[in-house]
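**Q** Pasting a structure here, questions to come.
None of the figures in this text is laboratory data; all of them are computed from the coordinates on show. Everything quoted here is computed from the prediction, not taken from an experiment. Counting neighbours? That spans all protein chains shown, and the Cβs are built from the backbone with ideal geometry, glycine included.
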Amino acid sequence: MRLILTSVALAVLCLVRTGEAQTPPPQDQRGRDVSVAAPAQRVVTFNSVLWLYLTLERGAGPIAGASASTVRTVSTGLLDRAFPSAAAIPTDVSVDGFFVPNVEAILRRAPDAVFQWVGRNDPAYLEPLDRAGLPVVALRQTRDERDYFSTARLIGAVSGRSARAEALIDDYRDSYARLDHHVQAGLQATKGRRQRVLYLWKWRPLIPIDGKNFFGTLLERAGGVNVAAQLARPERVSMEKILLWDPEVVVLFCCDRTTPSDLYQDPMWRPVSAVRNRRVYKVPSGGSRFADLVEGPLYSRWLTELLFPELPSTLRGDLRQTFQQVYGLDLDDDTLDHTLHMKVNSVSAGYDRFSRSLTQESLRP
Amino acid sequence: MSISSSSLARLAVPLLSLSLLLAMLMSLRIGTYPVPTLTVARVVLAWLLPAGMAPASDWSEAEWVAVTIIRLPRVLLVCLAGAGLGLAGAALQGMMRNPLVGPDIVGISAGAAFGGILAILLDFSGPAMLAAAFAGGMVALALAWTLSRLGRGGGVLPLVLGGIIVAAFFTALNGLLQYVADPDSKLPAMVYWLIGSFAAASIDKLVLVAPPIVLAGGLLLALRWRVNLLSLGELDAASLGIRVERLRWLIIALVAMIVAAQVSASGMVGWVGLVVPHFTRMLVGPDHRRLLPASALFGALFLLMMDDVARTLASQELPIGVLTAVVGTPVFAFLYWRLQARGWNND
């Protein structure tokens with residue numbers, strides 16, 4: 001009997017050990033194993049993964065290089081306050097300042113991981129890295145929140161900050177759970193009617209956020225209807241198409257020069273409901289273009305408060321609390337006004353609800 | 001009953017004028033936003049007539065905007081550009097006695113395109129962008145002219161060769177600008193602009209580019225009988241009292257002005273200036289007194305039809321520069337084959 005029990009115990013132990021030994025390594029978003037010894041000491045980033053890496057790492061230490069465009073986004077936004085050393089990250093790893101890699105410059109840094117796009121101009125962006133045998137971690141553009149989570153977990157695994165990545169994911173889920181509750185309350189007040197929203201990624205040429213874009217998903221989650229949902233990819237649309245859609249609210253990409261006044265002054269836009277009712281708003285810029293794991297919920301909160309004016313406004317409090325909790329930053333009122341584009345949005349209806357005198361404190365725990 | 005070729009030549013200009021007018025009215029009907037034909041007609045009448053004579057405004061503001069602010073400037077700009085390119089092509093081909101030249105031969109298009117995409121890179125818009133494209137075209141012409149003066153003998157051939165060099169240089173610079181442009185925000189606008197489109201047509205653009213095109217086009221029309229003399233050959237023209245070299249430079253400068261203005265408003269639209277004069281020559285013959293005005297009208301008609309196709313063929317608007325090239329190249333090949341058999345002067 002003892003022999004049998006011992007054998008069973010040994011067999012179970014073997015199975016457990018075998019199971020441990022077979023724990024699969026994380027896979028990147030093209031399905032390849034990521035075999036980086038965490039925590040990585042030197043990483044190179046080409047895409048928007050830079051700001052999430054900084055956030056998880058709480059510093060720019062391991063970033064051995066990044067594309068100039070992403071470093072510029074960090075150094076000209078709120079994240080510069082949290083990570084001032086990021087401005088000095090070497091940018092020669094990209095030959096065009098964006099996503100085309102400078103393979104020799106990257107090889108010189110002997111990185112443990114190189115984060116690059118997959119499914120986006122691969123012959124130019126990805127293949128030179130693969131050919132050089134560099135440890136590529138391929139990431140696709142976000143299609144849904146599972147990509148957010150998967151990206152965060154990959155960075156967590158590479159940087160050895162998995163616990164912090166999971167905490168951010170939990171925060172994200174909690175934020176949307178609270179938001180969903182408010183959106184339902186708002187929709188009850190409007191008897192379930194959702195407003196037609198156009199997210200204009202570019203004004204000239206007119207390119208809206210399409211139905212496959214994650215910003216469109218977040219827009220719908222904020223309680224609106226994406227009028228351009230029928231588009232399957234970013235494409236130019238005619239002004240007549242926008243007249244046909246007749247959006248009730250137009251939101252403009254945070255980080256170019258287009259302002260609500262541009263649309264109000266353009267005679268072509270005159271018949272559009274959003275312009276007639278002065279409901280064109282520029283998305284706040286935040287630290288990471290009001291997108292991604294940390295700022296995505298803030299973008300949705302901002303839009304929900306614009307779509308449902310009867311809801312209490314907690315955005316300024318949420319912004320303050322998020323930046324305090326995640327980055328340890330205390331944002332003053334002037335900084336909040338700047339990031340919310342209070343000046344350019346002041347010509348639009350109802351934007352004063354975000355003014356420093358009218359908002360309530362955050363409802364975040 | 002058959003129409004003789006001389007009758008056809010006489011009727012060509014009035015017939016083309018009528019066709020163009022009808023095509024313009026039809027084009028005002030085309031668009032994504034539904035506007036009934038009768039409403040289009042009433043809106044156009046209201047736009048044209050003084051307030052007292054205009055029909056009652058029973059249309060919506062969106063219908064008014066669609067017809068008068070979106071479609072009308074576009075139709076007028078397309079016609080103006082098409083007329084300019086057709087006229088410029090006919091004048092150049094006559095002047096050089098060569099049916100294979102087009103109005104972009106001296107590198108003006110590539111230079112204007114460089115100015116335009118540089119403006120996009122630097123976030124210029126509106127008049128500043130038009131000015132940049134225009135300046136680019138003029139710089140290209142100046143460079144081509146300077147190169148042509150370096151060679152011995154002068155004449156038009158060194159200018160054409162200089163134009164090829166300048167065009168290659170600016171094409172390389174255009175590639176460089178696209179390479180350094182932000183692939184998310186700047187590159188799509190650059191590419192779309194380079195392949196040509198009238199989607200951003202506006203009254204402001206029309207007001208900016210109409211004066212150079214109308215002025216240069218008017219002067220070319222005024223020179224049409226001199227172009228006839230040039231097409232006889234250099235010696236014959238000189239013996240008839242024409243100052244050949246000066247006239248050639250004047251024509252080239254006028255063509256440059258038209259092309260630079262067109263490119264600055266709508267990006268690169270190729271083949272119109274090459275194909276249209278051939279077609280028109282089949283209709284009216286080689287006499288430039290008829291050929292130039294007929295080429296202007298046919299150019300406007302051709303480009304308007306291409307733009308209508310570009311707007312309606314697919315859910316997303318097609319770049320007109322691609323369409324004119326796709327239609328223009330086989331048509332040109334066919335015409336070339338036909339004209340090879342008869343001789344391009346049709347005489």
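**Q** Please tell me the relative contact order of chain A in percent, rounded to the nearest whole number, where contacts are Cα pairs under 8 Å and at least six residues apart.
**A** Values: 604 pairs, mean separation 48.9, N = 365.
Relative contact order comes out at 13 percent.
**Q** If you don't mind, there's one more thing I want to ask. Taking the Cα atoms only, what angle lies between the long axis of helix A:145-159 and the longest principal axis of chain A, rounded to 10 degrees?
**A** 40 degrees
**Q** Relative contact order for chain B: what percent, with Cα pairs under 8 Å and sequence separation of 6 or more? Could you put the intermediate results ahead of the total?
**A** Working: 530 pairs, mean separation 99.5, N = 347.
Reported relative contact order: 29 percent.
**Q** Counting only residues 5 or more places away or on other chains, whose amide H sits under 5 Å from the amide H of A:Trp201 once H atoms are built in the peptide plane?
**A** For A:Trp201, whose amide H was placed from the backbone, the distant partners under 5 Å are A:Ile207, A:Ile209.
**Q** Taking the Cα atoms of the protein assembly as shown alone, what are Rg (to one decimal) and Dmax (as a whole number) in Å?
**A** Taking only Cα atoms of the protein assembly as shown, I get Rg and Dmax of 31.3, 126 Å.
**Q** What are the residues whose amide H is under 5 Å from the amide H of A:Asn102, where those residues sit 5 or more places off or on another chain and H is modelled from the backbone?
**A** For A:Asn102, whose amide H was placed from the backbone, the distant partners under 5 Å are A:Ser94, A:Val95.
**Q** Distance check, please: which entries in A:Lys282/B:Lys205; A:Lys212/B:Lys186; A:Lys241/B:Lys205; A:Lys241/A:Lys343; A:Lys343/B:Lys205 exceed 24 angstrom between their Cα atoms? List each step's numbers first, then the result.
**A** Working: A:Lys282/B:Lys205 27 Å; A:Lys212/B:Lys186 21 Å; A:Lys241/B:Lys205 21 Å; A:Lys241/A:Lys343 30 Å; A:Lys343/B:Lys205 30 Å.
Listed pairs above 24 Å: A:Lys282/B:Lys205; A:Lys241/A:Lys343; A:Lys343/B:Lys205.
**Q** Divide by every residue of chain A the summed helix terms, -39500 (n - 2.57) for each DSSP H run of at least 4, and state the resulting mean residue ellipticity at 222 nm, rounded to the nearest 500 deg cm²/dmol. Before the final figure, lay out the partial values.
**A** Details: 17 runs with 165 residues, N = 365.
Estimated from H runs of four or more residues: -13000 deg cm²/dmol.
**Q** State the extension gain, in nm to one decimal, for the chain segment bounded by A:Asp352 and A:Asp130, taking 0.36 nm per residue of separation less the distance between their alpha-carbons. Write out the running numbers ahead of the final one.
**A** Working: separation 222, 0.36 × 222 = 79.92 nm, distance 5.10 nm.
Length gained, A:Asp352 through A:Asp130: 74.8 nm.
**Q** Using a Gaussian network model of chain A whose springs link C-alpha atoms within less than 10 Å, name the residue from A:Phe290, A:Phe98, A:Phe46 with the highest mean-square fluctuation.
**A** Highest fluctuation among the options: A:Phe98.
**Q** Could I ask something else about it? Quick one: work out the % antiparallel among DSSP beta bridges in the protein assembly as shown, nearest 5. Can you show the working numbers first?
**A** On the way: 4 of 24 bridges.
In the protein assembly as shown, DSSP labels about 15 percent of beta bridges as antiparallel.
**Q** Turning to a different aspect of this structure: Find, to one decimal place in angstroms, the Kirkwood hydrodynamic radius of the range A:100-139, where the mean of 1/r is taken over every pair of different Cα atoms and then inverted.
**A** Details: mean 1/r = 0.1003 Å⁻¹.
Hydrodynamic radius (Kirkwood, Cα only) of the range A:100-139 equals 10.0 Å.
**Q** Using unit Cβ charges (K, R positive; D, E negative) and no other charged atoms, how large, in debye to the nearest 20, is the dipole of the range B:236-347 about its Cα centre?
**A** Numbers: 9 positive and 7 negative charges, 58 e Å.
Charge dipole of the range B:236-347: 280 debye, to the nearest 20.
**Q** With angles folded into 0 to 90 degrees, how steeply does helix A:292-307 sit against the dominant principal axis of chain A? Use alpha carbons for both and round to 10.
**A** Its long axis makes an angle of about 20 degrees.
**Q** Excluding same-chain residues fewer than 8 positions from A:Lys202, which aspartates and glutamates have a Cα within less than 19 Å of its Cα?
**A** Excluding near neighbours in sequence, the set is A:Asp210, A:Glu235, A:Glu240, A:Asp246, A:Glu248, A:Asp256, A:Asp262, A:Asp266, B:Asp123, B:Asp182, B:Asp184, B:Glu317.
**Q** OK, next. Looking at the range A:172-288, send over the antiparallel percent of its DSSP beta bridges, to the nearest 5. Can you show the working numbers first?
**A** Details: 2 of 12 bridges.
Looking only at bridges with both residues in the range A:172-288, the antiparallel portion is about 15 percent.
**Q** Out of every Cα-Cα pair in the range B:1-152, what percent are more than 21 Å apart? Intermediate results must be reported in sequence, preceding the final value.
**A** Working: 7550 of 11476 pairs.
Value for the range B:1-152: 66 percent of Cα pairs lie more than 21 Å apart.
**Q** Could you give each residue of the range A:185-202 its phi-based ³J(HN,Hα) in whole Hz, using Karplus coefficients 6.51, -1.76, 1.60 with θ = phi - 60°, and x for Gly or Pro?
**A** 4, x, 5, 4, 5, 9, 6, x, 7, 9, 7, 7, 10, 10, 9, 8, 6, 9
**Q** Based on Cβ point charges of +1 for Lys and Arg and -1 for Asp and Glu, what charge dipole magnitude is obtained for the range A:37-160 about its Cα centre, in debye rounded to the nearest 20? Please list the in-between numbers first.
**A** Values: 12 positive and 12 negative charges, 44 e Å.
Charge dipole, the range A:37-160, about its Cα centre: 220 debye, nearest 20.
**Q** Once amide H atoms are built 1.01 Å from N in the peptide plane, which residues 5 or more positions from A:Thr45, or in another chain, come under 5 Å H to H?
**A** Answer set, sorted by chain and number: A:Gly65, A:Ala66, A:Ser67, A:Phe115.
**Q** Further question on the same structure: Roughly how crowded by other chains is peptide B:32-45, in terms of the mean Cβ count from those chains within 10 Å of each of its Cβ atoms? Display every interim value, and only then the final one.
**A** Values: counts 9, 10, 3, 2, 0, 0, 0, 0, 0, 0, 0, 0, 0, 0.
Counting Cβ atoms of other protein chains within 10 Å of each residue's Cβ and averaging gives 2.
**Q** When every alpha-carbon pair in the range B:213-268 is counted, what percent end up more than 14 Å apart? Write out the running numbers ahead of the final one.
**A** Values: 868 of 1540 pairs.
When all Cα pairs of the range B:213-268 are counted, 56 percent exceed 14 Å.
**Q** So if the hydrodynamic radius of chain B is defined as the Kirkwood radius over C-alpha pairs, what does Stokes-Einstein give as its diffusion coefficient at 10 °C and 1.306 mPa s, in µm² per second? Don't skip to the answer; put the middle values down first.
**A** Values: Rh = 20.9 Å.
Once the numbers are plugged in, D ends up at 76 µm²/s.
**Q** Go through B:Gly84, B:Val44, B:Phe170 and say which Cα lies farthest out towards the positive end of the charge dipole of chain B; charges sit on Cβ, +1 for Lys and Arg, -1 for Asp and Glu.
**A** Looking along the dipole axis, the top candidate is B:Gly84.
**Q** Using the Kyte-Doolittle scale, which helices in chain B average at least -0.5 and also have C-alpha atoms spread 15 Å or more along the helix axis, with helices defined as whole DSSP H runs?
**A** Values: long enough: B:5-29 (35 Å, 1.44); B:37-48 (16 Å, 1.73); B:72-96 (36 Å, 1.55); B:108-121 (20 Å, 2.08); B:127-150 (34 Å, 1.45); B:156-180 (36 Å, 1.91); B:203-222 (27 Å, 1.92); B:244-266 (33 Å, 1.48); B:272-284 (17 Å, 1.44); B:288-312 (36 Å, 0.66); B:320-342 (32 Å, 1.10).
In chain B, the long hydrophobic H runs are B:5-29, B:37-48, B:72-96, B:108-121, B:127-150, B:156-180, B:203-222, B:244-266, B:272-284, B:288-312, B:320-342.
**Q** Could you work out the relative contact order of the range B:191-347, using alpha carbon pairs under 8 angstrom and six or more residues apart, expressed as a whole percent?
**A** On the way: 135 pairs, mean separation 50.3, N = 157.
Answer for the range B:191-347 is 32 percent.
**Q** Rg(Cα) of the range A:37-160 divided by 2.2 N^0.38 Å? Don't skip to the end; give the middle numbers.
**A** Details: Rg = 13.2 Å, N = 124, 2.2 N^0.38 = 13.7 Å.
Against the empirical 2.2 N^0.38 Å value, I get 0.96 for the range A:37-160.
**Q** Across the range A:60-72, in residue order, what do the Karplus-derived ³J(HN,Hα) couplings come to in whole Hz, using 6.51 cos²θ - 1.76 cosθ + 1.60 with θ = phi - 60° and x for Gly and Pro?
**A** Once rounded to whole Hz, the list reads 9, x, x, 7, 8, x, 7, 5, 4, 5, 6, 5, 5.
**Q** Tell me which of B:Ala238, B:Leu159, B:Ala199 sits at the most positive position along the dipole axis of chain B, charges placed on C-beta atoms (Lys, Arg +1; Asp, Glu -1).
**A** Ranked along the dipole, the leading option is B:Ala238.
**Q** At 4 °C and a viscosity of 1.567 mPa s, what translational diffusion coefficient does Stokes-Einstein give for chain A, taking Rh as the Kirkwood radius over Cα pairs? Give it in µm²/s as a whole number. Write out the running numbers ahead of the final one.
**A** Values: Rh = 22.2 Å.
My calculation gives 58 µm²/s for D.
**Q** Before rounding to the nearest 500, sum -39500 (n - 2.57) across all DSSP H runs of length at least 4 in chain B and divide by the residue total; then give [θ] at 222 nm in deg cm²/dmol.
**A** Numbers: 15 runs with 254 residues, N = 347.
Estimated from H runs of four or more residues: -24500 deg cm²/dmol.
**Q** Just how large is the dipole of the protein assembly as shown about the Cα centre, in debye to the nearest 20, putting +1 at every Lys and Arg Cβ and -1 at every Asp and Glu Cβ? Don't skip to the end; give the middle numbers.
**A** On the way: 66 positive and 57 negative charges, 288 e Å.
Computed charge dipole of the protein assembly as shown: roughly 1380 debye.
**Q** Rank the residues B:Trp249, B:Trp64 as a footprinting-exposure proxy: fewest other Cβ atoms within 10 Å of their Cβ go first. Walk me through the numbers before you get to the answer.
**A** Numbers: B:Trp249 14, B:Trp64 18.
With the sparsest Cβ surroundings first, the list reads B:Trp249, B:Trp64.
**Q** Still on this structure: Charges on Cβ only, +1 for Lys and Arg, -1 for Asp and Glu, centred on the Cα centroid of the protein assembly as shown; of A:Cys255, B:Ile213, A:Val74, which one is farthest towards the dipole's positive end?
**A** Farthest towards the positive pole: B:Ile213.
**Q** Quick check on the exposure proxy: order A:Asp292, B:Asp307, A:Asp330, A:Asp112 from fewest to most C-beta atoms within 10 angstrom.
**A** A:Asp330, A:Asp112, A:Asp292, B:Asp307
**Q** What is the order of B:Trp59, A:Trp51, fewest Cβ neighbours within 10 Å to most?
**A** Working: B:Trp59 20, A:Trp51 27.
Fewest-to-most ranking of B:Trp59, A:Trp51: B:Trp59, A:Trp51.
**Q** Over all residues in B:59-65, what is the mean tally of Cβ atoms on other chains that come within 10 Å of each residue's Cβ? Write down the numbers at each step before the final one.
**A** Details: counts 0, 2, 5, 8, 2, 2, 9.
Taking the mean over all residues of the peptide, I get 4.
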